[in-house]
Every structure is written in structure tokens, then in C-alpha cells.
Amino acid sequence: MHKPALLLALLVLPLAPAAAQPAPVRAVPAATAPTPPPDPLAGLPPVPAPSPALRAAFARADAGQLDDTALAAFANEPLAAWLEYAALRPRLASLPLARGAAFLARQGDSVVGRRFRADWLATLGQRREWAALLAAWDPAITDPALRCLAWQARLATAPDDTVWQAEALALWRDAGRPLPASCDPVAAELERRGRLDPAVRWQRIDAVVAAQQPALIRAIARGLPADEAALAGRYAAFFDAPDASAAQWPKTARSRQVASAGLRKLARANPGAAEALLPAIADALALDADQRGQVLAQIALQSAAAFAPEAAARLARVPASAYDANLHEWRVREALARADWAAALAAIRAMPEAQRSDSRWRYFAARLSELTGDPAAARTLYAQAARSADFHGFLAADRLDLPYALCPLAPELRNPQALARDPALVRALQLSALGRREPAQREWNALLARLDDAQRRTAVALAQANGWFDRGVFGLVNVGERRLPEELRLYTLRFPLHHADTIRREAERNRLDPAWVAAEIRAESIFDPNARSSADARGLMQLLPGTGAAVARQRGLTFAGSEALYDPDLNIALGSAYLRQLLDRYDGLPYRAIAAYNAGPAPVARWLAARGQLDPDFWIETIGYRETRDYVARVLAFSVLYDWRLRGDARRLSDRLRGREDGPRKTFTCTIQ
């Protein structure tokens, strides 16, 4: 139906706690009887919500209709500075310099101050207020567009200053892609002063070649001597339409770099053409083994991803040194699509140990070991995979009739009452409640930068308790430059549950498992009722307006237009009904319905026509779109976890795949010693 609005990480359960990590959270004993886990948000203090008057004031500010008198009435609000920023922003083009400088002086290096500074500098550059721009400048700014404005200001106010020239030259020389328009006058001045000599231009071209930007190569080459410009033009033309003329280029490292990059680009569009050109060009220019291997790898990757008849032979021609994780995976999928179990197993065994030990590939190695006559090896691999709380781990547990591995941790919340009063948290949550996502994220990031891990987890819980549910995904596990795998086990925070009564009601009405409906919401919007994707999918279950209207007509529901999809009850009702339609269309097989919910019926029809005879797990793994392939596995795994949240036990994942409802339910056990 559409692409999901958010990209979410797959579940992974570490085999053992990280040795260097202190025990920041406590383990919850595995349930011996079906008992839903306790709600970690119960009893958390509310954070004051923005008032209707404040909401209306922001709307007036955005429209440029909030004057200073009206603004003063909100001076004591937590969002007073953000409201003033919103009021000033529409007036920046004519804002008096003193007013802009005063706001910046008051806010300084605060979150709103930094945001205003960027807007104010851009406006001052447009107004050519160079002295004011330099007065407002912060040397820590790295944005190229703003840096180029600062260099324009230096040129206008101190033309003999040579420091800016060296800085600007370094930016221009190393940029592999087009620079912002504000850099054009800077580049022109550098050229006028003779700083963009042929050596510097060739350095820039080398950077651009790596980014495969032929138009930019031509633009840079205009300042080269005629013979060098002609060669650069041939390089650029090769990216647009590679041909055998590259064999006549000078035998230089640059020519080899261009040839390798151009052939890789061609391979993405036409693997056969790249394969035909490679030998003569490689021999003529003396491409090294690594450059040849990169081209062969791209040819093989595109062939495997298209499940082309030549894929197996092309994969075999790629040297082992040119294989990366993605190509290893596609070698497995290509063999699975041909039902060549021995080749698929060999491809898994050729993976590096770190990749091969992932639960996905352990599970498939076990499946393939079974199919090739080695049940003992299969049992060992299934047992290893079954220790992971993810799609393939759950399937592996079903194969051995084991309980599902789940070692949940309950967050130990540190003084939530005090943190709920933290001005930065209040600002972040109020901005989120107002739908001002970008400033809310800025305030959140600034808050987290000064919290320790226990406080951060408390902030996540408070955010969820106050309606900002995606903080359980974007506030845990990957934090700044750190990865905290132990936090993957904070399932009650990472898998929020809201509108549970509506989910149960609509699931029952449409003869669906409520855990599946909750899993779809988690995958689509992370329970954000105001979510909206680039494809215009809206609300909790990310329905396109046309889909919502059609389902509403069929079900006799009132549909008041696209904005109605932001109503949680209606969105869940329509999304659940649409899931039922898809399930009926695909013969009661949820994995196919889930694929269609994400990618649409047309791609699913192609995949079924090509590989519909494969078992569900193999068919999912050979889905052509990575997003959909991961999405199907993710939603099915999420369904198990929401079963746990709702009931304390779970339907077998192998039964879920086939739409079976009468099989035995699974319990959970912790495998971490």
C-alpha cells in the first residue's frame, strides 16, 4: 500500500549481558503462566500539556499575526522562547537588526538560540548585512551554506584577509557533490585570485568521481587547459554512456578510478553491458584486482537482486575479497529462489563468522541442513538461533518445540517526579504535543546529552506516559555514538501499547488477532496518531486517504476526509478492516497480506508468480524489496511480543505465518544465565 513512515530496527536479543556494562536495570523473571507484564508507565507523573491558548498563539505566530503585545501574555510559559521564535521567523526579511541581535543575546547557545542563529545568519546573508552577520557568527558552525555566507562577509568587510581563503579552498577542493548557491561567489573570488589552479581542480574532480557526478565534473573542468578539459569531458561522458573508448585513456590511477566507478554505475542499470565492457577496459587500463572485483560484485549483485538466470554464474566469478555482507546475503537468496538448497547452504557457510552467527542465517543454515540430509546439524543450529527474540529465533524455537526466548528488563526509573519538572523535558514534550517535531527533537537531544543512562530511560518512560511513544525506539539502544544492546530487552518501553480497547474491539470485529493489529501500528507509526509519511499515508496505521475512503464506503463508516485519518479510533477501524480485506485476498495467509500492506498488491503478485511455491520463510527471504522483506519479518515478530504484552503468552509464529488459530500457544523463558 505504501512505504512506512519510519525505519525501525529489527529485534535482536544478545546472548549474554555486556560484561563491561553495569546492571542498570533489573531482570523480570520469566512468567510460568500467561500473565501480561506490568505497565511501566503506571503512576508516572503527567507533564503539563500546552494550553489551547498557547496552541492558538503558535498558529497565529506561524501566520505572522502574533504581535509583541500578544506575545507578552505568554512570557512565563515554558515555550515562551519558541513562541517568540515562531513569531519572529515570518518577519526575518525585514526584522530590525537590533531586535534579531537582542533575541540572540537572550537565547545564546540554547536550543532555540542555535535554531534562530542559523535562520538569522541565512537572512542576513540574503540582506547582505555583512557586519551584522559576522557579529552573530559562531565559529562552531559547520553548515557549508552558512560558512560560505561568513566568507562572503569577510570578503566584503576585510578583502585582504587570507584565512578565509584557505578555509574556503579546502571546502571547495574536497566537496564530492555540488555546494550550496551561497558558495558560488566564494568560488568565483577564489578563481579570480588564481587559487583554483589545475591541480586543485583535479583534486576536486577526484572527489566528484567517487560520487559519480558527471555534470559537476564538466563544470569543474571548464577552468582546465584545453587538453585537460577534453580528458575530463571524456571521463564525464563515460558516466553518462560508458563505451569501449575508455580503453584509449591514459593509463593512470585516475583513469582506472573513473573506469571502475563508471562500470559500477553501468552495472546497476545494465549488468550485461558492464560485463561485456569490463575485460577490454580492464586489460587496457590495467585495473587492479580490487577494481575488477568491485565491478564484478556490482554486476553480480544486480543480477542476484533481479533473480536473473545469469546470477549464479556471475556470483561465482566474484573474488572472495570483493564480497561484502550484502552480496553474501544475495547469494543465499538467489540460491533459495532456485530451490538449490546445497548452494544456499554453501553461501551461508562462506559468510564471515560474525554475519553467519546472526539468528537469521543460523535459522536458514538449520533449515537447509535439514533439507540436505543433516538433521543433527540442523538441531544444533536451531537451538542456537532459538536464543534470539526475533522472527528467525521464534521460528527456530517452533522447529524444536521450545519456549520463546524472552529476557525482559523492567526499567528502574530514577526520580521521575523531579525529571518531569525539568524545563528541557517539558519543552520537548510540549513541542511534540504541538506537532512541532523538529524543535521537539532538538530539545530532546539536548536533554539527553546531560542525562546519565538511568535518567535517560526515565525520560523515555515519561515521554511515553505523556504521549510521545516513539522515544522508546529513538531514545534507547543507539544513543549518540554508543550502542547499548542490553536496552533491546526493555520490551515494555520499546513496544508501547495504547488504544488497547479499540485495538481489541476492531480486531474482534474483523476476525483478526489484536496482537497483529498492535504490531502493524508499532511498525507503521509507533503509536503516533499524527504520523504522516512522504507518500501521504496518515495516522496510526498509515492509511492513504484513498484507501481510507474506499474502506469507509465498503464498511458504511463516515469518512470526513483525509484529516479524519488522524482520529485514532477511526484509523484503527479502517486499518483493521483493510487488513481483513488483504487477508481474504491472500487466502488467509498473513505473511502475504503484510507484504501487500507495505508494498502494494502489484509487487506481491510478481513475487508470488515468480516464487509462490516456496515455503513462507523462504518466500519472505526472497522478497525483492529490502524494506518489505524486513517489514514482514518485523511485523510478525512484533505480533509475538504484543501477544506477550496483551496476554503473557503467544501464538506460535509458524502458525501465524499460515493463518492458523487453533494451535498450542507458546510460553516464554529467559535463556540468559
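Just checking, does the stretch 535-546 include any residue being in a helix (DSSP H, G or I), open to solvent by 10 Å² or more (accessible area, probe 1.4 Å) and aliphatic (A, V, I, L, M)?
No, the conditions are met nowhere in the stretch 535-546.
Out of all the residues in the stretch 604-651, which are within 19 Å of the chain's Cα centre (by Cα) and hydroxyl-bearing (Ser, Thr, Tyr)?
Hits for the stretch 604-651 are Tyr625, Thr628, Tyr631.
Could you list, in sequence order, the residues of the stretch 482-502 that are among the polar types (S, T, N, Q) and within 14 Å of Pro408 (Cβ to Cβ)?
Of the residues in the stretch 482-502, the ones among the polar types (S, T, N, Q) are 492, 502.
Scanning the stretch 482-502 gives a single hit, Thr492.
Pull out all pairs, ordered by first then second residue, where Cβ-Cβ is under 7 Å, the residues are six or more apart or on different chains, the first lies in the stretch 639-658 and is in contact (Cβ under 8 Å) with a residue 12 or more places away in the chain, and the second is of a type in the set (Asp, Glu) and assigned to a helix (DSSP H, G or I).
Close Cβ pairs satisfying both conditions: Asp649/Asp643; Ala650/Asp643; Arg651/Asp643; Arg652/Asp398; Leu653/Asp398; Ser654/Asp398.
Can you pull out the residues in the stretch 389-399 that are assigned to a loop (DSSP other than H, G, I, E, B) and open to solvent by less than 10 Å² (accessible area, probe 1.4 Å)?
Residue satisfying the conditions is Ala389 alone.
Say we look at the stretch 84-96 and pick out the residues that are open to solvent by 10 Å² or more (accessible area, probe 1.4 Å) and either among the polar types (S, T, N, Q) or not in a helix (DSSP H, G or I) (or both); which of these is nearest to Asp62 (Cα to Cα)?
The extreme case among them is Ser94.
Based on this model, can you work out whether Leu512 counts as surrounded by fewer than 24 Cβ atoms within 10 Å (Cβ to Cβ), within 30 Å of Asn445 (Cβ to Cβ) and in contact with a helix residue (DSSP H, G or I) (Cβ under 9 Å, 6 or more places away or on another chain)?
No.
Given the options Ala247, Ala305, Ala261, name the one that is free of Cβ contacts under 8 Å to residues at least 40 places away in the same chain and out of contact with any Cys (no Cβ under 7 Å at 6 or more places or on another chain). If you could, list the steps in order and put the result at the bottom.
Details: Ala305 fails: free of Cβ contacts under 8 Å to residues at least 40 places away in the same chain; Ala261 fails: free of Cβ contacts under 8 Å to residues at least 40 places away in the same chain.
So the residue among Ala247, Ala305, Ala261 that is free of Cβ contacts under 8 Å to residues at least 40 places away in the same chain and out of contact with any Cys (no Cβ under 7 Å at 6 or more places or on another chain) is Ala247.
In the list Ala81, Ala30, which residue meets the criterion of being in contact with a Leu (Cβ under 9 Å, 6 or more places away or on another chain), farther than 30 Å from Leu583 by Cβ and either modelled with pLDDT of 50 or more or open to solvent by less than 60 Å² (accessible area, probe 1.4 Å) (or both)? Reasoning before the result, please.
Values: Ala81 fails: in contact with a Leu (Cβ under 9 Å, 6 or more places away or on another chain).
On inspection, the qualifying residue turns out to be Ala30.
Under 6 Å by Cβ, and 6 or more places apart or on different chains, what pairs join a residue from the stretch 45-64 that is farther than 16 Å from Leu431 by Cβ with one that is in a helix (DSSP H, G or I) and open to solvent by 60 Å² or more (accessible area, probe 1.4 Å)?
Note: pairs meeting the criteria are Pro45/Gln417; Gly64/Pro90.
Among the residues of the stretch 279-329, count how many are open to solvent by less than 10 Å² (accessible area, probe 1.4 Å) and over 18 Å from Leu266 (Cβ atoms).
1
Do we have Gly588 as open to solvent by less than 40 Å² (accessible area, probe 1.4 Å) and within 22 Å of Trp330 (Cα to Cα) here?
no
Is at least one residue of the stretch 419-429 over 30 Å from Asp615 (Cβ atoms), open to solvent by 10 Å² or more (accessible area, probe 1.4 Å), acidic (Asp, Glu) and within 22 Å of the chain's Cα centre (by Cα)?
No: the stretch 419-429 contains no residue that is over 30 Å from Asp615 (Cβ atoms), open to solvent by 10 Å² or more (accessible area, probe 1.4 Å), acidic (Asp, Glu) and within 22 Å of the chain's Cα centre (by Cα).
When you check Leu216 against the structure, is it at pLDDT 95 or above, surrounded by 20 or more Cβ atoms within 10 Å (Cβ to Cβ), aliphatic (A, V, I, L, M) and closer than 30 Å to Ala320 by Cβ, yes or no?
In short, no.
Return the residue satisfying two criteria in turn: it lies in the stretch 443-485 and is at pLDDT 95 or above and among the aromatic types (Phe, Trp, Tyr), and of such residues it is most open to solvent (accessible area, probe 1.4 Å).
If we take residues in the stretch 443-485 being at pLDDT 95 or above and among the aromatic types (Phe, Trp, Tyr), then Trp468 is most open to solvent (accessible area, probe 1.4 Å).
Restricting attention to helices (runs of 4 or more DSSP H) lying wholly within the stretch 125-194, give those where 1 or more residues are within 26 Å of Leu224 (Cβ to Cβ) and modelled with pLDDT of 95 or more.
Ranges flagged: 144-157, 163-174, 184-192.
Looking at Val632 and the list (1) among the hydrophobic types (A, V, I, L, M, F, W, C); (2) surrounded by 24 or more Cβ atoms within 10 Å (Cβ to Cβ); (3) in contact with a Pro (Cβ under 7 Å, 6 or more places away or on another chain), which single condition is not satisfied?
Condition (3) is where Val632 drops out.
Quickly run through the stretch 343-356 and pick out the residues that are in a loop (DSSP other than H, G, I, E, B) and open to solvent by 40 Å² or more (accessible area, probe 1.4 Å).
Residues satisfying the conditions are Ala350, Pro352.
This table checks each residue for (1) touching an Asp or Glu at 6+ places or on another chain (Cβ under 7 Å); (2) open to solvent by 70 Å² or more (accessible area, probe 1.4 Å).
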{"position": "Ala98", "(1), (2)": "no, yes"}
{"position": "Val112", "(1), (2)": "no, no"}
{"position": "Arg127", "(1), (2)": "no, no"}
{"position": "Leu155", "(1), (2)": "yes, no"}
{"position": "Asp161", "(1), (2)": "no, no"}
{"position": "Ala175", "(1), (2)": "no, no"}
{"position": "Asp197", "(1), (2)": "no, no"}
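Could you tell me which numbered condition Gly373 fails, if it satisfies all but one of (1) of a type in the set (Gly, Ala, Ser); (2) surrounded by fewer than 16 Cβ atoms within 10 Å (Cβ to Cβ); (3) in a helix (DSSP H, G or I)?
So Gly373 meets the others, but not (3).
The values are calculated or read from the model by the stated rules, or taken from the named source; none is laboratory data. Here the structure is a predicted model, which is why all the values come from computation and not from measurement. We place every Cβ from the backbone using ideal geometry, glycine too, and count neighbours over all the protein chains shown. Calculation scope for accessible area: heavy atoms of the full protein, side chains included, ligands and nucleic acids excluded. Shrake-Rupley method; radii C 1.70, N 1.55, O 1.52, S 1.80 Å.
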